[in-house]
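J.: If you scroll down you'll find the structure; I have some questions about it.
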Amino acid sequence: ADYVLDLHCDNESVIHLYAATPQWSQVEPLARAVGAEVSLLATDSGDDPFDEACSLLWSRLNRAWQSRGGGADAWPQACVAVTLELRGVCDVSHELAQADSEAIIHWLTHIGLIDAPARPLPELRHPPTPLAGSIPMVAPVGGVLVHLLPVGSQVQTGAAIAEVIDVLADQVQRLHAPCDGVLYAREDGRWVHAGMTVAKIAGAEAIRSGKLLSA
């Protein structure tokens, strides 16, 4: 396939996408068309997602070719693959479905796969950020989860994001943003256990390594 869209939804989230770093110039029109608030890029996430099963081969071939003295552009990005998260599990309505389908058709028209007049794309809402800069916020104890900010919020380091009420210890543990960025996803359940990821912030600095999706 020349293009692969793996459509998902998160727990509670804004529209965001995951794609290969070398393919950003080809993915950027899609991010604009669908109004993605966050675009997370990685050459290899370490978790073997479906989109990388389609796209990672070309980056690996290119690296192998270069290591043997080949040219930098010897292997083009032949399959553009994207995981697109269409908000959260409860964001279900005829209006959203209509808007999202029209946005995808708009993108397909823009790249020439649909023979129809193409209108201009909207501006990109936020620049792409590294997947290694996506920071999961983890509940320190089990208890009742209270979110303090809506998804899509621009946050600064130290901002209060959520609280976990430990009903057994009669204590409240507050979670603070570890970096500047966009609060793009959060847990939809309101009873959480210790160690559970309850929110994610897309930061601009790549500070994580290893398996970037499973944390």
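Any read-out appearing in this document is the output of simple, stated calculations on the displayed coordinates, not a laboratory observation. Source: prediction; values computed, not measured. FYI the Cβ positions are ideal-geometry reconstructions off the backbone, even for glycines, and counts take in every protein chain you see.
J.: Contour minus end-to-end for GLN156 and ARG190, with contour as 0.36 nm per residue of separation and end-to-end as the Cα-Cα distance?
T.: Separation in residues times 0.36 nm, less the Cα-Cα distance, equals 9.8 nm.
J.: Another one. Over the chain, with a Gaussian network built from C-alpha contacts below 10 Å, which listed residue (ASP115, ASP180, ASP48) shows the highest mean-square fluctuation?
T.: ASP115
J.: Ok, one more. Based on the Cα atoms of region 1-123, what semi-axes does the equivalent ellipsoid have, where each is the square root of 5 times one gyration tensor eigenvalue, given in whole Å with the largest first?
T.: Values for region 1-123, descending: 28, 18, 11 Å.
J.: What is the percent of Cα-Cα separations in region 1-55 that go past 15 Å?
T.: Everything past 15 Å amounts to 48 percent.
J.: Let me ask another. I want to verify a result. In a Gaussian network model of the chain, Cα cutoff 10 Å, which of these has the top mean-square fluctuation: ARG174, ARG190, ARG32?
T.: Judging by the Gaussian network model, the answer is ARG190.
J.: Can you give the direction-averaged projected area of the convex hull of the alpha-carbon atoms in region 131-202, in nm²?
T.: 4.2 nm²
J.: In addition: Summing +1 for each Lys or Arg and -1 for each Asp or Glu, what net charge is found among the other residues whose Cβ lies under 13 Å from the Cβ of SER93?
T.: Result for the neighbourhood of SER93: -2.
J.: Taking neighbour Cβ counts within 10 Å as the exposure measure, how do SER134, SER59 sort from fewest upward?
T.: SER59, SER134
J.: With each run of n ≥ 4 DSSP H residues scored as -39500 (n - 2.57), what mean residue ellipticity at 222 nm is computed for the chain after dividing by its residue count and rounding to the nearest 500 deg cm²/dmol?
T.: -7000 deg cm²/dmol
J.: Go ahead and run the numbers for FRET between GLU205 and LEU149, Cβ-Cβ distance against an R0 of 22 Å, rounding to 0.05.
T.: Efficiency at R0 = 22 Å is approximately 0.60.
J.: If you add up the charges near GLY46, with Lys and Arg at +1 and Asp and Glu at -1, over every other residue whose beta carbon is less than 12 angstrom from its beta carbon, what do you get?
T.: Around GLY46, the charge tally is -2.
J.: Using 0.36 nm times the number of residues separating ALA1 and THR21, minus their current alpha carbon distance, what extension gain do you get?
T.: Here the answer is 5.3 nm.
J.: Springs between alpha-carbon atoms under 10 Å, Gaussian network over the chain: tell me which of ALA139, ALA118, ALA36 tops the mean-square fluctuations.
T.: ALA118
J.: Count the net charge of all other residues whose Cβ sits under 13 Å from the Cβ of VAL151, scoring Lys and Arg as +1 and Asp and Glu as -1.
T.: -4
J.: In percent, how large is the relative contact order of region 131-202, given Cα pairs closer than 8 Å and 6 or more residues apart?
T.: Relative contact order, region 131-202: 43 percent.
J.: I've got another one for you. State, as an integer percentage, the relative contact order of the chain based on alpha-carbon contacts under 8 Å between residues 6 or more apart.
T.: Over the chain, the number comes to 26 percent.
J.: Here's a follow-up. Under the 0.36 nm per residue contour assumption, what length would be gained going from the current alpha-carbon distance of ASP180 and HIS94 to full extension?
T.: That pair, ASP180 and HIS94, stretches by 27.5 nm at full extension.
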